[in-house]
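Novice: Here you go, one structure.
The values are calculated or read from the model by the stated rules, or taken from the named source; none is laboratory data. All of these numbers come straight from a predicted model, not from anything done at the bench. Cβ placement follows ideal geometry from the backbone for every residue including glycine, while neighbour counts extend to all protein chains displayed. In case anyone asks, the SASA skips ligands and DNA or RNA and just uses the protein heavy atoms, side chains included. Shrake-Rupley method; radii C 1.70, N 1.55, O 1.52, S 1.80 Å.
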Amino acid sequence: MTEKTITIDGREHELSSLSEHARAQVTNLRVTDAEIERLKAHLAIFQTARTAYAKALKEELEKSDAH
């Protein structure tokens with residue numbers, strides 16, 4: 001069975017060879033990376049919504065300028 005590894009700064013490390021503290025930091029990095037990806041997805045949603053709101057505002061302003 002192949003042991004799980006992690007690559008840090010170009011060096012591969014077996015997870016089982018890391019100290020408990022180092023393994024905890026790997027877990028923290030994974031959780032943090034997952035949260036960053038979740039936030040990026042939310043940001044994309046908000047940016048899309050903002051674009052739609054700005055477009056709607058522009059259309060409303062154009063309507064009022066026409067009157």
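Novice: Please give the charge dipole size of the chain, origin at the Cα centre, charges +1 on K and R Cβ atoms and -1 on D and E Cβ atoms. Round to the nearest 20 debye.
Specialist: So the magnitude is around 160 debye.
Novice: Once neighbouring chains are kept in place and the probe is 1.4 Å, which whole percent of the accessible area of the chain is contributed by carbon and sulfur?
Specialist: Details: 3580 of 6220 Å².
Result for the chain: 58 percent of the exposed heavy-atom area is carbon or sulfur.
Novice: Leaving out ligands, DNA and RNA but keeping every protein chain, what accessible area does THR7 have, in Å² rounded to the nearest 10, with a 1.4 Å probe?
Specialist: 90 Å²
Novice: Between THR51 and ASN28, what FRET efficiency comes out of the Förster formula 1/(1 + (r/R0)^6) with R0 = 35 Å and r the beta carbon distance, rounded to 0.05? Provide the component values of the computation, followed by the final result.
Specialist: Working: r = 35 Å, r/R0 = 0.99.
Efficiency for this residue pair is about 0.50.
Novice: Hey, can you find the accessible area per residue of the chain for me, probe 1.4 Å, expressed in square angstrom?
Specialist: Dividing the accessible area of the chain by its residue count gives 93 Å².
Novice: Give the aspartates and glutamates whose C-alpha is closer than 20 Å to that of LYS4, dropping any in the same chain fewer than 8 places away, or say none.
Specialist: List returned: GLU12, GLU14, GLU20, ASP33.
Novice: Provide the solvent-accessible area of ILE45, counting protein heavy atoms only and rolling a 1.4 Å probe, rounded to the nearest 10 Å².
Specialist: 110 Å²
Novice: Under the rule of at least 5 residues apart or a separate chain, name every residue whose amide H is placed under 5 Å from the amide H of ILE8.
Specialist: For ILE8, whose amide H was placed from the backbone, the distant partners under 5 Å are HIS13.
Novice: Given the DSSP H assignment, sum -39500 (n - 2.57) over each helix run of at least 4 residues in the chain and divide by its residue total; what's the result at 222 nm in deg cm²/dmol, nearest 500? Each step should come with its number before you reach the end.
Specialist: Numbers: 1 runs with 47 residues, N = 67.
About -26000 deg cm²/dmol.
Novice: Shifting gears a bit: Would you report the distance distribution of C-alpha pairs in the chain as whole percents per 10 angstrom bin, up to the bin with the largest distance?
Specialist: 17, 25, 17, 14, 12, 9, 6, 1
Novice: I would also like to ask the following. Identify the GluC sites (Glu not before Pro) of the stretch 2-67 meeting these criteria: DSSP loop state and at most 16 other C-beta atoms within 10 Å of the C-beta. Mind showing how you got there, number by number?
Specialist: Numbers: sites: GLU3, GLU12, GLU14, GLU20, GLU35, GLU37, GLU59, GLU60, GLU62; in loops: GLU3.
For GluC sites (Glu not before Pro) across the stretch 2-67 that sit outside H, G, I, E and B with at most 16 neighbouring Cβ atoms in 10 Å, the list reads GLU3.
Novice: In the stretch 1-66, which trypsin sites (Lys or Arg not before Pro) are in a loop and have at most 15 other Cβ atoms within 10 Å, using DSSP for the loop call? Don't skip to the end; give the middle numbers.
Specialist: Details: sites: LYS4, ARG11, ARG23, ARG30, ARG38, LYS40, ARG50, LYS55, LYS58, LYS63; in loops: LYS4.
Sparse-neighbourhood loop trypsin sites (Lys or Arg not before Pro): LYS4.
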